[in-house]
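The values are calculated or read from the model by the stated rules, or taken from the named source; none is laboratory data. As the structure is a prediction and not an experimental result, all values here were calculated from the model. Cβ placement follows ideal geometry from the backbone for every residue including glycine, while neighbour counts extend to all protein chains displayed.
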Amino acid sequence: MIASELKGIGMTSQRTRDRLIARLRERGIDDMRVLAVMRELPRHLFVDEALASRAYEDTALPIGHGQTISQPFIVARMTELLMQSAKPMDKVLEVGTGCGYQTAVLSRLVPRVFSVERISALLNQSRERFYKLKFNNIRLKHSDGSWGWQENAPYDGILVACAPEKVPESLLLQLAPGGRLVIPVGTQAKQSLRVIDRNGDTFEETEYDAVSFVPLLGGQI
Ligand code: SAH
């Protein structure tokens, strides 16, 4: 990756990125760690070149295979909710790697990041991206994330980037004591962001903003 490509020019420049950060702050994101990472991370390298000029708009964009890169505000919000857990985040699982942008944000804040994706074409693209960008604390797996990723459990945090109608039990069971799950739950018509904290064998759920994620689908392709 050459330096100019990383830094961006024109619509992908640092100034454009700074404007996005200002908007995230206006909308209520106040975790400075999250804002600092998103200010540095070149989102335009995670979308198709034809869409690069729109990478710093606060919107979701298509990434192929009927999927989208999440809106920056939502990435910031979910990351902030995860990082504000009482338990320090040492090991985190993400479900739904997609183009890898959310994964990359996490990898700058958490020592060990695991991510699973059910569409192999997306996973392979992301694998290549992380290699080029030299992000080497991320482990990826092609799999149906409803089952989590048992081999590396328990996780201090789990962040789910697609919406199931009901929280998968495996994810709850793979949380460490004191761990936190951040997940959108509901149908395509009505979803909300939930935070679930594990205390021993009890789970405490808090409901946040209404959101609109692609559905969590079973199986892998
Ligand atoms: N974090 C991503 C968001 C991608 S959209 C980003 O920043 O780009 C959500 C992703 O979840 C899609 O790529 C979709 O294929 C994936 N997904 C849906 N159901 C899944 C499942 N059961 N297991 C793993 N990934 C799943």
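Limited to region 172-221, what total is found for residues that are within 16 Å of the ligand (Cβ to nearest atom), on the phi < 0 side of the Ramachandran plot and not hydrophobic (A, V, I, L, M, F, W, C)?
9
Could you list, in sequence order, the residues of region 116-137 that are within 12 Å of the ligand (Cβ to nearest atom) and of a type outside the set (S, T, N, Q)?
Passing the criteria: V116, E117, R118, I119, A121, L122, L123, R129.
Filter region 77-103 down to the residues that are more than 16 Å from the ligand (Cβ to nearest atom) and hydroxyl-bearing (S, T, Y) and list them by number.
S85 - this is the single residue of region 77-103 that is more than 16 Å from the ligand (Cβ to nearest atom) and hydroxyl-bearing (S, T, Y).
Hey, among the residues in region 183-212 that are of a type in the set (A, V, I, L, M) and under 19 Å from R118 (Cα atoms), which one's surrounded by the fewest Cβ atoms within 10 Å (Cβ to Cβ)?
Of everything passing the filter in region 183-212, V185 is surrounded by the fewest Cβ atoms within 10 Å (Cβ to Cβ).
Quick check: is even one residue across region 138-154 within 22 Å of M38 (Cα to Cα), within 13 Å of the ligand (Cβ to nearest atom), of a type outside the set (S, T, N, Q) and modelled with pLDDT of 95 or more?
Yes, there is a match, as at least one residue in region 138-154 is within 22 Å of M38 (Cα to Cα), within 13 Å of the ligand (Cβ to nearest atom), of a type outside the set (S, T, N, Q) and modelled with pLDDT of 95 or more.
Which residue out of I21, I2 is among the β-branched types (V, I, T) and at pLDDT below 95? It would help to see each step written out before you state the result.
Values: I21 fails: at pLDDT below 95.
Going through I21, I2 in turn, the sole match is I2.
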